[in-house]
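A.B. asks: I am attaching a structure below and will ask some questions about it afterwards.
The values are calculated or read from the model by the stated rules, or taken from the named source; none is laboratory data. Since the model is a prediction, treat every value here as computed from it, not as a measurement. Quick reminder, even Gly has a Cβ in these numbers, built from the backbone with ideal geometry, and neighbours come from all protein chains shown.
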Amino acid sequence: MDRHPLQHAAPVATSVSALIGNTPLLELLRTRFGSRILLKLEQWNPTGSAKIRMARQMLDEAEEQGLLKPGGWVIESTSGNTGMGLALLAAERGYRFTAVVDHHAAKDKIRAMQAFGAELIYVNEDGGDDLATADREALAEKIAAEQGAYWTEQHNNPANGNAYRYVADELTDALGDDITHLIGAVGTGGSLFGTARVLKPKLPQMRVVGVEPVGSIAFGGPGGPYYQSGTGTPEGAEIGALVDYALLDEGLKVSDKQAFNTARYLARKYSLLVGGSGGGVVYQALKRIETAPPGSTFVVLICDGGEKYLDTVFNDEWMAERDLIDLSVGPELDQLIAQMVAHP
Ligand SMILES: Cc1ncc(COP(=O)(O)O)c(C=O)c1O
């Protein structure tokens, strides 16, 4: 058969979950100082995000520990991506799955959970599109305690962090010890710290850089509202047990405007659709690499793709109504990149 020169013959998977992992690395930028930014594109996983890795690990460990029996019932508080992963896997493994959600979650994520057969319970019916993490968690915990569902408790479940040892292995396979900075958005902390925990002993010089929305409180206050979905710890919610400050070298904040306008920029300039949190980490990676030593390799964990945000981040009206359009971000990044790649 005639095959495109870059296309390899792939083995045949026998379940959708067997397609989890081995996500691609994309070089976004190579500077004239020999530094580069590589994006680990986790949207290439089934359900389009990294979170299905930890959904699988949480179910695997619960099954191993006898906490989840055949035909059992799983409940989780979710902003969507974890719920999509659990919903897909519950369908595959024959579990009932209930997602406790709020109206802050992207509509497409909610619809996808329903498509896989998940039951939904909304908190904060009157709260508009406010993020209601603390209420969601309290309700998931209550239903688990009173009705016997197994609460996966992503914020405090070690399996969440354990799942990302495979990301660390994939990065080591691809790059060896050529990783100087690992950057990721921090929500539960599972992806960044779960990956860092495995890489750091091998690469003690590697800097671990967390990014959270302005208004999130894991790297200090003040708390306040933000629109970035899935990432951050809102005021009133507990900082997850997986946020490991001992592993964190730098905790950076990114505004909704910076994050979303970077996501929009990446779509137009690089033909790459990333979600809002991905926009935020790329924005900070581009700023940060400017001051990094020559020859640095930044690995940026991109949690999900932009397809889930076509009605929000990529919708001019939605952005304008919330005063989120910032036309200065594109030229700022253009200039930054031009300086870094051009020869003087
Ligand atoms: C879009 C998005 N970005 C970032 C994160 C943060 O990842 P973690 O919970 O591993 O810190 C999440 C988690 O749900 C997410 O859905």
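A.B. asks: Residue by residue through the range 144-160, note down the ones that are surrounded by fewer than 17 Cβ atoms within 10 Å (Cβ to Cβ) and away from the ligand (no atom under 16 Å from the Cβ). Full working, then the answer.
C.D. replies: The first filter runs over the range 144-160 and keeps only residues surrounded by fewer than 17 Cβ atoms within 10 Å (Cβ to Cβ), leaving 145-148, 156, 158.
If the condition is that a residue be surrounded by fewer than 17 Cβ atoms within 10 Å (Cβ to Cβ) and away from the ligand (no atom under 16 Å from the Cβ), then 145, 146, 147, 148 are the ones that fit.
A.B. asks: Can you tell me which residue is farthest from residue 199 (Cα to Cα) among those in the range 234-267 that are among the acidic types (Asp, Glu) and over 16 Å from the mean Cα position of the chain (by Cα)? Walk me through how you get there before you give the answer.
C.D. replies: Pass one, the range 234-267, residues among the acidic types (Asp, Glu): 235, 238, 244, 249-250, 256.
Filter again for over 16 Å from the mean Cα position of the chain (by Cα), leaving 235, 238, 244, 249-250.
On the way: 235: 31, 238: 26, 244: 14, 249: 14, 250: 16 Å.
Within the range 234-267, the match that is farthest from residue 199 (Cα to Cα) is 235.
A.B. asks: Suppose we keep only residues that are among the charged types (D, E, K, R) and touching a strand residue (DSSP E or B) at 6+ places or on another chain (Cβ under 7 Å) within the range 201-222. Which one would you say is nearest to residue 249 (Cα to Cα)? Quick ask: steps written out before the conclusion?
C.D. replies: Of all residues in the range 201-222, those among the charged types (D, E, K, R) come to 202, 207, 212.
This time we only want the ones that are touching a strand residue (DSSP E or B) at 6+ places or on another chain (Cβ under 7 Å), so: 207, 212.
Working: 207: 6, 212: 14 Å.
Going through the qualifying residues, I end up with 207.
A.B. asks: Return yes when residue 205 is part of a loop (DSSP other than H, G, I, E, B) and away from the ligand (no atom under 13 Å from the Cβ) and no when it is not.
C.D. replies: Details: part of a loop (DSSP other than H, G, I, E, B): yes; away from the ligand (no atom under 13 Å from the Cβ): yes.
Here the answer is yes, as residue 205 does meet what is asked.
Residues checked against (1) in a loop (DSSP other than H, G, I, E, B); (2) closer than 18 Å to residue 208 by Cα; (3) away from the ligand (no atom under 16 Å from the Cβ):
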position	(1), (2), (3)
261	no, no, yes
288	no, yes, yes
314	yes, no, no
317	no, no, yes
320	no, no, yes
326	yes, no, yes
330	no, no, yes
335	no, no, yes
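A.B. asks: Looking at 173, 177, which is the one that is of a type in the set (Asp, Glu), surrounded by fewer than 20 Cβ atoms within 10 Å (Cβ to Cβ), in a helix (DSSP H, G or I) and more than 14 Å from the ligand (Cβ to nearest atom)? Give the steps one after another, and end with the answer.
C.D. replies: On the way: 177 fails: in a helix (DSSP H, G or I).
Answer to the check: 173.
One line per residue, one yes/no per condition, for (1) more than 21 Å from residue 52 (Cβ to Cβ); (2) part of a loop (DSSP other than H, G, I, E, B); (3) near the ligand (Cβ under 9 Å from one of its atoms); (4) touching a Ser or Thr at 6+ places or on another chain (Cβ under 6 Å):
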{"residue": "182", "(1), (2), (3), (4)": "no, no, no, no"}
{"residue": "198", "(1), (2), (3), (4)": "no, no, no, no"}
{"residue": "209", "(1), (2), (3), (4)": "yes, no, no, no"}
{"residue": "225", "(1), (2), (3), (4)": "yes, yes, no, no"}
{"residue": "228", "(1), (2), (3), (4)": "no, yes, yes, yes"}
{"residue": "233", "(1), (2), (3), (4)": "yes, yes, no, yes"}
{"residue": "239", "(1), (2), (3), (4)": "yes, yes, no, yes"}
{"residue": "253", "(1), (2), (3), (4)": "yes, no, no, no"}
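A.B. asks: Inside the range 99-116, can you point out the residues that are in a helix (DSSP H, G or I) and without any contact (Cβ under 8 Å) to a residue 40 or more places away in the chain? Break it down stepwise before answering.
C.D. replies: Applying the first criterion (in a helix (DSSP H, G or I)) to the range 99-116 yields 107-115.
110, 111, 113, 114, 115 - these are the residues of the range 99-116 that are in a helix (DSSP H, G or I) and without any contact (Cβ under 8 Å) to a residue 40 or more places away in the chain.
A.B. asks: Report yes if residue 163 is within 15 Å of the ligand (Cβ to nearest atom) and either surrounded by 16 or more Cβ atoms within 10 Å (Cβ to Cβ) or modelled with pLDDT of 95 or more (or both), otherwise no.
C.D. replies: Spelling it out, residue 163 is indeed within 15 Å of the ligand (Cβ to nearest atom) and either surrounded by 16 or more Cβ atoms within 10 Å (Cβ to Cβ) or modelled with pLDDT of 95 or more (or both).
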